[in-house]
Structure formats: C-alpha cells, structure tokens
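Read through the structure below, which is laid out as structure tokens, and then see the notes.
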Amino acid sequence: MSKPNPYANPPANLSATAPSALFGKPANNVNDWYVAREFARIVGIPDHAFNPSKGFPYHVPSVQPSYQSKGPRIVASACVAILLILFITVSRLSLRYFRKDLKFGYDDLFIVPAVIGVVSWFCIVIWMVIKGGAGQHIYDITYMQVEYFFRGASSGQLVFFLSTGLVKISISLFNRRLTGLTSKRWMIAHNVFLVILVAYMIYVLFVNLFVCIPFDHFSIIEAGKFARPAKCSKTSQLNIALSSIHVILDYALLSVPIIILYQIQMSTTKKVRLGLFFCIGALSCIGATIRPIVIQHGSPDITYYFQDQYSWGTVDIFFAAIAASLPVLNAAIPKGWRRRTHTVKRLRSINAADNGTDESTSSNEMTSWQFGRDGTV
C-alpha cells in the first residue's frame, strides 16, 4: 500500500501571483511549488518525502564568486549564425532561379524547411537566454526562469533533430542528382538512405512527444501538476540512441562526396576546392560526435554550462546547413576561372554495366547532367 502524501497539493496560503523565488529557495508562488516538486521527482525523491514549499534542495555555494553571464556571447553567436545561414541559402536559391543552366530540384525544395528549422533552433536558444537565464548559474535565476529554460531545451531538441534530418534529406537528394544516373546501385542506395531518414525523423518525433506519459507539453510546471509522476523512458538512453543514429547518418552522407572525389578525374585545384567544401561537412560530423559526449558529462548547474552543449550543437547544425548549399554556390565562381582550373574527364562508374553502357557513355551522362552547360553543379 502506497504511503499517504501530505504534499499532494500546494498550500492554500501560497500565492498564485507573487514573484518567483530564486531556484533552491522556498517556493514563493504556486508555480514555484510545482517546479520544485517535479525537480524532486526527476532526481528520484518520492512525493510523500518531499515538501515543495521548502524549495528544491539545490546546493548553493557559501561563497559565490563574481562572474560574467555567458548569455550575451550565446546570443551574439546565434545572431551571426542566423545571418550567415540565411545569406548562403538565399544565395543558393537565387542562383537556381536566375541561372538558366541551373534547375531547381527536390534538394532545393527541402533546404527551405530545413533552414527554417535551423533558424528556429537558434531563435529558441536566444529565447532560452532572455527568458530562461541560460548562461547564468542556476541558483541566480528563478523557478520560472528554470521553467522557461526547460521548455526551450525540450522543444529545441525536437526542432534540432528534425531540422538536421531535413538538411540530410536535402543533401541526400543532391547526392542522388550527382550520382544517380551513373549506376542503378547508386540510385538504390540513395533511395534506401532517404527511406531511413524519413523513418528516423518519425522516430524523433515519436520519442520527443511520448517520452513521458501523460504528455507534459514540454513544461515542468505541467508535469508537476500531475497527481502521480509521469511514466518516462530513460532520457539519457534515448538521447544516446538519437545522437548515435544522427552521427551514423552524418558519416554516411560524408562518404558519398569522398567516393565521388576518388572516382572523378579532375585537376588538383578543383579537388582542393571541392575538398574544402566537404571539410565543412566533416566539421558537422565532428560536432555531432562530441555533442552527446558533452551532454552526458554535463553539470547539475545546467543553465551556466549550457554554452558547452550549445557550442557543439552549433558546430553540428550550422556547418550542416552551410555544407548543404556550398556545392551549389560553386556556380558563382567565374566561368573563365573554372575552365582554366579544371576539366572533368570521366567518371569511373562503380557499376556502369548495370546501365548497359560502357565507361565512356556513363562519363558523358555524368558530365552533362551533373555539371550543366558550363561546368557548374
């Protein structure tokens, strides 16, 4: 038989409109009470053994050294990232629209919602700094700010993985345009990869919406109002699973241009230029690899050390969005310079026999289809 809970409801004398107290101090209003109770549940304290009115028992250092909030740096870097992503994406779409030799494809279609999602993630981060106290020590912000911080963190994770998934779809569709006509195996590989990406995004949506039953609307306050603790899956294991799949898909995408560079005969200058483009994608892979490690070794002072997670998340999502558009921007390089620096000779198709053509025929298809009339992607 479960023990009776003397702290089932907030005290009647607790205000609903009073200002929120600092985190770790006694609750000053009803919302503070619910936040304190849900935090206690998260760390495994039973409801009957914890009085939320006394506040969440967070250890506050007796000597609090002065420090500068990391918030302004987070906001400044997010604003710069937004401007650069929008500039590069708009440049890509403008080239597709104004250059007659460049045609819109499905990759251009998917980059639009992908970039909207990426920009939305950075906007959520800015909101977490302004409303949620990100960049400050958790004992220097209020219970309500902690609520805003968790709302941003929960919704931001969903937006992050869905946005990077859309970026991957755009890159995969571009890779399919690049190599699909050279071999049936290439086309099958790209189509299978796209199916995996769609399944991954559905999984991301399902996991983030139903990680806890009943659904708490990404709110600590709403979760604290439940009479009993919500039944939640182990978030650490789910984050590891999502991040692992995310990293594997990133490296799989990166392998395609590496194979292309090996297969195509071109001048060293062109290979170096394209190699630099692909290095941008490699930076995204590095960010995707380190980000979950940083999350797993995070500090209880989650708001202050949020910058560490944000920094590697930015490396991941920013360079992914940039890498999706850089190959198209190759068309902005003057034609005369491109003609002087490279000549595409042929592509060694992995399975030219699958198309019933010889190597020279496969090469002609690749050249005319991939590079357009003037040698641009």
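The values are calculated or read from the model by the stated rules, or taken from the named source; none is laboratory data. All figures in this text were calculated on a predicted structure; none of them were measured in a lab. FYI the Cβ positions are ideal-geometry reconstructions off the backbone, even for glycines, and counts take in every protein chain you see.
Here is how the numbers come out for the structure above:
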| read-out | value |
| --- | --- |
| Residue in region 140-182 that is farthest from Ala27 (Cα to Cα), counting only those that are surrounded by fewer than 21 Cβ atoms within 10 Å (Cβ to Cβ) and among the small types (Gly, Ala, Ser) | Gly180 |
| Residues that are crowded, with 21+ Cβ neighbours inside 10 Å and either touching a Ser or Thr at 6+ places or on another chain (Cβ under 6 Å) or outside any helix (DSSP H, G or I) (or both), drawn from region 122-139 | Gly133, Ala134, Gly135, Gln136, Ile138 |
| Condition met for Leu249 (more than 19 Å from the chain's Cα centre (by Cα) and either of a type in the set (Val, Ile, Thr) or outside any loop (DSSP other than H, G, I, E, B) (or both)) | no |
| Of all residues making up region 224-266, the number that are in contact with a strand residue (DSSP E or B) (Cβ under 7 Å, 6 or more places away or on another chain), of a type in the set (A, V, I, L, M, F, W, C) and under 30 Å from Ala8 (Cβ atoms) | 2 |
| Conditions (1) surrounded by 15 or more Cβ atoms within 10 Å (Cβ to Cβ); (2) out of contact with any helix residue (DSSP H, G or I) (no Cβ under 8 Å at 6 or more places or on another chain); number of the one not met by Phe56 | (2) |
| Total residues in region 30-50, condition of a type outside the set (Gly, Ala, Ser), in contact (Cβ under 8 Å) with a residue 24 or more places away in the chain and crowded, with 17+ Cβ neighbours inside 10 Å | 11 |
| Residue list for region 259-287, restricted to those being farther than 14 Å from Ala323 by Cα, assigned to a helix (DSSP H, G or I) and in contact with a helix residue (DSSP H, G or I) (Cβ under 7 Å, 6 or more places away or on another chain) | Ile260, Leu261, Thr269, Lys270, Lys271 |
| Hey, Asn208 polar (S, T, N, Q), in a helix (DSSP H, G or I) and surrounded by 14 or more Cβ atoms within 10 Å (Cβ to Cβ) or not | yes |
| Only one of Arg151, Arg228 that is basic (Lys, Arg), in a helix (DSSP H, G or I) and assigned by TED's automatic domain parsing to the domain that holds Pro300 | Arg151 |
| Which listed residue is under 16 Å from Pro327 (Cα atoms), part of a helix (DSSP H, G or I) and under 17 Å from the mean Cα position of the chain (by Cα), from Ile82, Ile88, Ile111, Ile74 | Ile111 |
| Selected residue (only one of Phe98, Phe104, Phe149 is among the hydrophobic types (A, V, I, L, M, F, W, C), at negative phi and at pLDDT 95 or above) | Phe149 |
| Enumeration of residues in region 285-309 that are within 19 Å of Gly156 (Cβ to Cβ), touching a residue at least 60 places away in the same chain (Cβ under 8 Å) and surrounded by fewer than 24 Cβ atoms within 10 Å (Cβ to Cβ) | Gln296, Asp301, Ile302, Tyr304, Gln307 |
| Failed item in (1) at pLDDT 85 or above; (2) among the hydrophobic types (A, V, I, L, M, F, W, C); (3) closer than 18 Å to His137 by Cα, with Val60 passing the rest | (1) |
| In region 250-284, residue farthest from Thr179 (Cα to Cα) [restricted to those that are modelled with pLDDT of 80 or more and surrounded by fewer than 20 Cβ atoms within 10 Å (Cβ to Cβ)] | Leu283 |
| Residue check for Val60: within 18 Å of Val146 (Cβ to Cβ), β-branched (Val, Ile, Thr) and not in a helix (DSSP H, G or I) | yes |
